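Just below is one structure, and these are the notes that go with it.
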Number of protein chains: 2
Amino acid sequence: MTKPSTQACCPPAEPMPPVPRDPLEADAQLARLAKAIAHPARVAIIRLLVRQEGCIVGDIVEELPLAQSTISQHLKQLKEAGLIRGEVDGPRVCYCVEPGAVALFKTLVEAL
Amino acid sequence: MTKPSTQACCPPAEPMPPVPRDPLEADAQLARLAKAIAHPARVAIIRLLVRQEGCIVGDIVEELPLAQSTISQHLKQLKEAGLIRGEVDGPRVCYCVEPGAVALFKTLVEAL
DNA sequence: CCTGCCAATCGTATATCGACGATGCACGCT
DNA sequence: AGCGTGCATCGTCGATATACGATTGGCAGG
């Protein structure tokens with residue numbers, strides 16, 4: 001097994017999520033995270049990555065009815081929001097969720 | 001008590017939240033709700049209404065550093081997303097959260 | 001009835017989003 | 001070394017978001 005297929009990326013990830021204590025900061029953080037998933041395509045991408053059904057960009061492109069460049073843009077937005085991480089794995093790029101960020105988002109939403 | 005002050009609006013609200021079963025529909029719904037709170041001002045408004053610290057538009061306008069017309073726009077977006085409800089109370093308008101919609105949002109986020 | 005006030009709406013300017021095709025860049029392979 | 005593949009970035013376009021001041025509309029009070 002020199003090639004562990006498609007799940008060799010980002011295994012343990014962050015240990016825990018940071019939580020802002022300033023209320024205004026929390027509002028801004030929640031708004032930022034919400035904006036990141038405020039599009040059906042990005043929700044679908046997050047779901048795909050959480051379910052581990054694909055981690056490679058090519059798989060995502062095949063799953064969604066959007067152009068490759070568009071997918072790349074959505075991935076960029078998700079990455080900038082800190083919700084996902086991307087690692088270069090040879091000629092491909094492997095994306096996976098940042099569990100801490102997702103947990104933080106859930107916490108902030110629950111605190112509404 | 002002919003004038004029960006500022007909390008006479010939308011008391012019992014909806015009994016329960018509807019939950020979409022179609023995955024694509026769920027994605028769209030989550031994206032729509034997320035977009036509604038994808039702005040710090042709207043997050044702040046939701047928090048104000050949840051904490052019942054104000055229900056009248058004038059109170060919200062005084063709390064946030066934004067013009068009255070801008071607040072009104074944000075309220076409109078939140079209302080169109082189904083997250084809040086507005087009732088005319090004499091010359092004023094009373095807004096409050098739609099608990100069912102908030103619960104649905106929390107459920108959808110938790111299901112990520 | 002006319003005149004307040006409070007909130008919604010209109011009109012506008014600027015910035016960002018969302019989509020695509022075309023191009024650029026880095027990596028493996030032969 | 002050269003080539004092909006896979007993803008990111010650029011440039012563009014229309015649509016939408018965000019903010020404000022100005023105006024309109026509805027509801028009590030004089």
statement: Of the residues A:Cys9, B:Val19, B:Val43, the Cα lying farthest along the dipole of the protein assembly as shown towards its positive end, which is defined by charges on the beta carbon of Lys, Arg, Asp and Glu, belongs to B:Val43
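Given A:Lys76/B:Lys76; B:Lys35/B:Lys79; A:Lys79/B:Lys79; A:Lys35/A:Lys79, which pairs have Cα atoms separated by over 24 Å?
Numbers: A:Lys76/B:Lys76 30 Å; B:Lys35/B:Lys79 13 Å; A:Lys79/B:Lys79 30 Å; A:Lys35/A:Lys79 12 Å.
The pairs that break the limit, which is 24 Å between Cα atoms, are A:Lys76/B:Lys76; A:Lys79/B:Lys79.
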query: Within straight cross-link reach of A:Lys106, meaning Cα distance under 19 Å, which aspartates and glutamates are found once same-chain residues fewer than 8 apart are removed?
result: A:Glu14, A:Asp22, A:Glu25, A:Asp27, A:Glu80, A:Glu98, B:Asp27, B:Glu110
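Between B:Val88 and B:Glu63, what FRET efficiency comes out of the Förster formula 1/(1 + (r/R0)^6) with R0 = 22 Å and r the beta carbon distance, rounded to 0.05? Don't jump to the answer; show the numbers that get you there.
Values: r = 21 Å, r/R0 = 0.95.
The value I calculate is 0.55.
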Only Lys, Arg (+1) and Asp, Glu (-1) charged, at Cβ; chain B dipole about Cα centre in debye: 100
- line: For region A:23-110, the percent of accessible surface on carbon and sulfur atoms (probe 1.4 angstrom, ligands and nucleic acids excluded) is 52
query: Using a 1.4 angstrom probe and counting only protein chains, how large is the accessible area of A:Cys10 in Å², to 10?
result: 10
- prompt: Could you work out the helix-only [θ] at 222 nm for chain B, with each DSSP H run of four or more residues adding -39,500 (n - 2.57) and the total divided by the number of residues, to the nearest 500 deg cm²/dmol?
  reply: -15500 deg cm²/dmol
- prompt: Using a 1.4 angstrom probe and counting only protein chains, how large is the accessible area of B:Val93 in Å², to 10?
  reply: 50
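At a 10 angstrom cut-off on C-beta neighbours, averaged per residue, how do the peptides A:84-90, A:74-80 rank from highest to lowest? Walk me through the numbers before you get to the answer.
Numbers: A:84-90: 14.9, A:74-80: 16.6.
In descending order of packing, they fall as A:74-80, A:84-90.
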- prompt: Under unit Cβ charges (Lys, Arg +1; Asp, Glu -1), what dipole magnitude, rounded to 20 debye, does the protein assembly as shown have relative to its Cα centre?
  reply: 140
- request: Write down the accessible area per residue of region B:23-110 in Å², having rolled a 1.4 Å probe over the full set of protein chains.
  value: 48
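The values are calculated or read from the model by the stated rules, or taken from the named source; none is laboratory data. Computed from a prediction, not measured in an experiment: that's the story for all the values here. Ideal geometry is used to build each Cβ from the backbone, glycine not excepted, and the neighbour counts take in all protein chains shown. Just so you know, the surface numbers come from the protein's heavy atoms only, side chains and all, with ligands and any DNA or RNA stripped out. Shrake-Rupley method; radii C 1.70, N 1.55, O 1.52, S 1.80 Å.
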